[in-house]
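The structure appears below as structure tokens.
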Amino acid sequence: MSSSANTIETEKPSMVFTSLLVLIPISMGLRYMQAPVLTTFVASAGSIAVLAEWIRRGTEQLARHAGPTIRGLVMVSFGSVAELVLALFVLANGQASVVQAQITGSIIGTSLLGLGIAILAGGLSRRRQTFSSSKAGLQSTLLILAVIALLLPAIFDYTARQDHLHNVRLTDEELSLGASIVLLVLYGGNLAYTLITHRDAFADEEANGDRSWSLGLSIGVVVGCTAVIALEAEIVSEVLTQTAETLRISTVFLGVVVLALVGTSADLFAASWFARSDRMTLALSICIGSAIQLVLVVTPVLVLISAFMDSPMSLVFGNPLYLFAIASTAFIVSAVARDGETTWFEGLLLVGVYVLFALGFFFIGPG
Amino acid sequence: MSSSANTIETEKPSMVFTSLLVLIPISMGLRYMQAPVLTTFVASAGSIAVLAEWIRRGTEQLARHAGPTIRGLVMVSFGSVAELVLALFVLANGQASVVQAQITGSIIGTSLLGLGIAILAGGLSRRRQTFSSSKAGLQSTLLILAVIALLLPAIFDYTARQDHLHNVRLTDEELSLGASIVLLVLYGGNLAYTLITHRDAFADEEANGDRSWSLGLSIGVVVGCTAVIALEAEIVSEVLTQTAETLRISTVFLGVVVLALVGTSADLFAASWFARSDRMTLALSICIGSAIQLVLVVTPVLVLISAFMDSPMSLVFGNPLYLFAIASTAFIVSAVARDGETTWFEGLLLVGVYVLFALGFFFIGPG
Amino acid sequence: MSSSANTIETEKPSMVFTSLLVLIPISMGLRYMQAPVLTTFVASAGSIAVLAEWIRRGTEQLARHAGPTIRGLVMVSFGSVAELVLALFVLANGQASVVQAQITGSIIGTSLLGLGIAILAGGLSRRRQTFSSSKAGLQSTLLILAVIALLLPAIFDYTARQDHLHNVRLTDEELSLGASIVLLVLYGGNLAYTLITHRDAFADEEANGDRSWSLGLSIGVVVGCTAVIALEAEIVSEVLTQTAETLRISTVFLGVVVLALVGTSADLFAASWFARSDRMTLALSICIGSAIQLVLVVTPVLVLISAFMDSPMSLVFGNPLYLFAIASTAFIVSAVARDGETTWFEGLLLVGVYVLFALGFFFIGPG
């Protein structure tokens, strides 16, 4: 699961976050006044990051009004809503390749950068931190399996093209739809497993915090913020190409690094916060869980929805750098999750590998 | 080791299996009468599956008449005889590419589908099942090493073709023979390790069951069933191409899914049976051991024998989907074997990945 | 760390090693007299192996005159000096591709052959040997991360060539320089981690052995041997191409197998010695540490230095066999290091995989 039922009891940051909501009218005003695209992009992307954090809080509050199974479902359903809405609007603007870049970037962003920063944040003031390796181990096995499923269509496509089969496009899409359905079935199994048959092993011990918000307020915040994210995502996707041209970078780099971090910033923030409080099991669970949810839910849902759009997105991640980045991430996470403890150096390694991948995507250059 | 010295005490299934032997005369009659190929194919393939189970039982009984080292050798020697004989006849009919498909399919069939179904079968009625992770860990390391050895010739071939070396065919075959010999030496080392120097760590505690069959009967069943499998394998390989055309699927898909499952069905059945009896160490050992034996024995033996045939089979698994499927399987098995316990969800994941691969092979389509 | 602060108390081998120093004047005489290249090559390569062992001993003695942090820095700085000097001279002779082969060969030479022989040497007379899996686990995670960083530029290059980008050469070099700097930063972090913040976890318990040599003698041996290695490396690189022609092998094979083993022989010798003394933690640490140092220090330093030479070496390991060999090695080491114990069969497996890779490189043939 990408989110947690634990409260981040941070009264002052709350005030900061409230004041950051001013980015929303600013970004809309900038867009209305046809301001320079870079300024508009920054304001809109910032708004989405702030709104994603508000959705995370609203979801936490909402979950406290429900029993454990429903609570888990609520956390899961709204855990990736920001990434999903952002990706949908970019997709609707005909930029399927940017969405693939965003998904790749979100996977490496949460698993390498997010987890790395969290481990660094927790490890700089502590000799070593421990976590439950049984839960992290299951999650990393799930991530490896999910990643294999994600890579399969690309290998298939490569095989088919090598053999000069004539009807590749057709079968690519059929295979993407088939693989998406298998991924969603596996995810359904994962829900049954973590929320029903083995619920106790995955229960967050501190789930029953204060209900600071009423049920209505919680629902209102989640629904309202999701609606506003949609508006901001529309602005972001409109100014995307021009922003890339202004910065002289590729839209791929913008998708892999910038959009990905905007969509996953709430998880990154939460993971670092828990790591600093020495709750590493939760921090790992957020980061790995977020990557799993991207592969098992967000991506197949996007493939299925896009099949009804003008620009269908296939599961074929054709860029070898994407495949390498995603596969490497799964193995690195598996290696880190195995031993049940973290030190600052492991955090540095994760951040270092992320920087290497970002370098690689940067050098692909405008094109 | 792909088989076990434990008896499956199933009196009634024995009767079912005895009656299934009627498939043998049926399949031969159908072939003689030039019946529709699909019917002939199903009857012959079914016969092979039944005969493989009888060989497994005969081998178990035979093993009880020997000391521990000879017993191990007997179990190992006849553990993959059905796959080997089937592959030999397909190879003799000039279908080397189908044999590569069958080997790939057997590896993923035992390790993903077989193990997945066994874990599901055992896990649906139990919260979690445990197994000895030290034995499974060694086996999965061995599988990874064996798989790397299996993939090497393909990478070599790709490298050589990329550099436009002129004598690729020649060196492909030489490298295949060299690599096959190294694989057999490693397997000899594995036998010395598990049967001599570290025998106690690998002994099946319940190996000394009843000797229901005499020595002569045991030998007769094993030799007789192997001979009949040869006859049935000849029929299957003769009607293979027409069956694929009738079903409008590729011979590759027929090899990867159907032939592979026919050859390994006895192991799949035994693994599920042991999993339901909560003997997961044995179930894992059968599935992973079967995959190891395919890579370390069956494949190199086929390469060496085929060097004297008209259609030599190289170790070059040229289809990238094969490489990806085999490599992924090794890593997934390693991830599952690491933690020493299984739950139904892990079984579902393994079956899910198998379905994804089968989907991929299906979409390659007739050609 | 590729070397250890422990003394190998081998008085008689010391005499053997002293007498082997006679190879130095022999090799120089042979070169001066224009003797057959093969003889000259063998004598020079042998000299480098002997000198590397003397540097290892000198470094050990030098380290005993320092406090723990400086000691660690000394061990690290001179641990790979033989490989580095040899590679530099081959590079200066315009043979960048041979240096890439040497680096690849050194990585698989220490991790597969060196570790395999050490495990065999220790395991033949013992049932099983144990080691600290926490230290080996961290090292193998570090190796996986380092290897991913090493492979990244090749994947990038492949992606860029696939897309027919026009300015590939330029960006290849820029990315190589960028990645090299990230690797060196990670290595700096590793030094801070093992020598400062978590020093106690990595301290070799027996580091405070006798100071047999004075500070001056220790420095003299290290500096003197390094200087002589430079002379011998110049000879080796001059006769390299002719030696390959005489032996009818490729310079790639000469680099991967012969030069690599010459450069890492001191580590191989030390690892086997410690394994026979049942100090497997140290043996693993030497082998894995040597591979890490090659990736994190030797390779980026060579890239940075070569940027000022006529024949710059990029981080693009273009040969798919290199990529496969390096990646496989990292995963195999990770699998072996995981369980905390070794038996002779694991050693045999590692040696077997090394032989397979050597076979592959041999069959690429002269070209």
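The values are calculated or read from the model by the stated rules, or taken from the named source; none is laboratory data. All of these numbers come straight from a predicted model, not from anything done at the bench. Positions of Cβ are generated from backbone atoms using ideal geometry, with glycine treated the same way; all protein chains shown enter the neighbour counts. Note: accessible area is taken over every heavy atom of the protein model, side chains too, but ligands, DNA and RNA are not part of it. Shrake-Rupley method; radii C 1.70, N 1.55, O 1.52, S 1.80 Å.
List the accessible area buried at the contact between C and B, summed over both sides and calculated with a 1.4 Å probe, in Å² to the nearest 100.
In total, chains C and B hide about 3000 Å² from solvent.
Taking each label point as 7 Å beyond Cα in the direction of the beta carbon, state the distances from C:SER19 to the same residue in the other copies, shortest first, in nm.
Output for C:SER19: 8.2, 8.2 nm, nearest copy listed first.
Relative to the compact-globule scaling 2.2 N^0.38 Å, provide the ratio for the alpha-carbon radius of gyration of region A:214-264.
For region A:214-264, the normalised Cα radius of gyration comes out at 1.50.
With a 1.4 Å probe on protein heavy atoms only, tell me which residues of region B:325-367 lose at least 50 Å² of accessible surface in the complex relative to the chain by itself.
B:PHE331, B:ARG338, B:TRP344, B:PHE345, B:LEU349, B:LEU356, B:PHE363, B:ILE364
Accessible area per residue of region A:2-150 at 1.4 Å probe, in Å²?
34 Å²
As a check on your grasp of the helix formula, calculate [θ] at 222 nm for the protein assembly as shown: sum -39500 (n - 2.57) over DSSP H runs of n ≥ 4, divide by the residue count, round to the nearest 500. All intermediate terms of the calculation are to be shown ahead of the outcome.
Values: 48 runs with 789 residues, N = 1101.
-24000 deg cm²/dmol, from helical runs alone.
Pop out a list of residues from region C:121-157 that are at least 50 Å² less accessible with all the protein chains around than in their chain alone; 1.4 Å probe, no ligands or nucleic acids counted.
The answer is C:ARG127, C:THR141, C:LEU145, C:ILE148, C:LEU152, C:ILE155, C:PHE156 - residues whose exposure falls by at least 50 Å² when every protein chain is included.
Over all Cα pairs of the protein assembly as shown, how is the pair count split among 10 Å bins, expressed in % and running from 0 up to the last occupied bin?
2, 10, 18, 22, 20, 15, 9, 3, 0, 0
Could you check the spin-label model distance between B:ARG211 and A:GLN242? Points 7 Å from the Cα along Cα→Cβ, value in nm.
9.0 nm
So if R0 is 51 Å, what FRET efficiency would C:LEU21 and B:SER77 give, r being the distance between their Cβ atoms, rounded to the nearest 0.05?
Details: r = 54 Å, r/R0 = 1.06.
E between C:LEU21 and B:SER77, to the nearest 0.05, is 0.40.
Please work out how much length the chain gains when fully extended from C:ALA307 to C:LEU177, using 0.36 nm per residue of separation minus the C-alpha to C-alpha distance, in nm with one decimal. Intermediate results must be reported in sequence, preceding the final value.
Working: separation 130, 0.36 × 130 = 46.80 nm, distance 0.84 nm.
Stretched out fully, the C:ALA307 to C:LEU177 stretch lengthens by 46.0 nm.
With only Lys, Arg, Asp and Glu charged, each at its Cβ (+1 for the first two, -1 for the last two), find how big the charge dipole of region C:3-362 is about the Cα centre; round to the nearest 20 debye.
That gives region C:3-362 a dipole magnitude of about 540 debye.
Given charges of +1 on the Cβ of Lys and Arg and -1 on the Cβ of Asp and Glu, with all other atoms neutral, how large is the dipole of region B:54-155 about its Cα centre, in debye to the nearest 20?
Working: 8 positive and 2 negative charges, 107 e Å.
Magnitude of the dipole: close to 520 debye.
Helix check for chain B. Which DSSP H runs span at least 30 Å along their own axis by Cα, with a mean Kyte-Doolittle hydropathy no less than 0.0?
B:37-63, B:133-162, B:168-192, B:215-247
Between region C:208-237 and region A:324-351, what is the C-alpha centre distance in whole Å?
With region C:208-237 and region A:324-351 each reduced to a Cα centre, they are spaced 38 Å.
Computed FRET efficiency, Cβ-Cβ of A:ALA230 and A:THR69, R0 22 Å: what is it to the nearest 0.05?
0.15
Between the alpha-carbon centers of region A:297-322 and region B:55-74, tell me the distance in whole angstrom.
Comparing the Cα centres of region A:297-322 and region B:55-74, I get a distance of 53 Å.
How much of A:ASP339 can a 1.4 Å solvent probe reach, expressed as accessible area in Å² and rounded to 10?
Spelled out: A:ASP339, probe radius 1.4 Å, area about 80 Å².
Quick one: longest stretch of chain A between exposed loop trypsin sites (Lys or Arg not before Pro), exposed meaning at most 16 other C-beta atoms within 10 Å and loop per DSSP?
A:1-125
Using the eigenvalues of the Cα gyration tensor, what equivalent ellipsoid semi-axes result for chain A when each is taken as the square root of five times the eigenvalue, whole Å, largest first? Walk me through the numbers on the way to the answer.
Details: eigenvalues 171, 133, 87 Å².
One finds semi-axes of 29, 26, 21 Å for chain A.
Tell me the carbon and sulfur percent of the accessible area for the protein assembly as shown, rounded to whole percent, probe radius 1.4 Å.
C and S atoms contribute 65 percent here.
DSSP loop (so not H, G, I, E, B), at most 15 other Cβ within 10 Å: list which chymotrypsin sites (Phe, Trp or Tyr not before Pro) in region B:280-367 pass both filters.
Details: sites: B:PHE308, B:PHE317, B:TYR322, B:PHE324, B:PHE331, B:TRP344, B:PHE345, B:TYR354, B:PHE357, B:PHE361, B:PHE362, B:PHE363; in loops: B:PHE308, B:PHE317.
Taking region B:280-367 and a limit of 15 other Cβ atoms within 10 Å, the loop chymotrypsin sites (Phe, Trp or Tyr not before Pro) found are B:PHE308.
About its Cα centre, what dipole magnitude does region A:261-348 give when the only charges are +1 on Lys and Arg Cβ and -1 on Asp and Glu Cβ, stated in debye to the nearest 20? Please report the intermediate quantities before stating the final value.
Working: 3 positive and 6 negative charges, 9 e Å.
For region A:261-348, the charge dipole is close to 40 debye.
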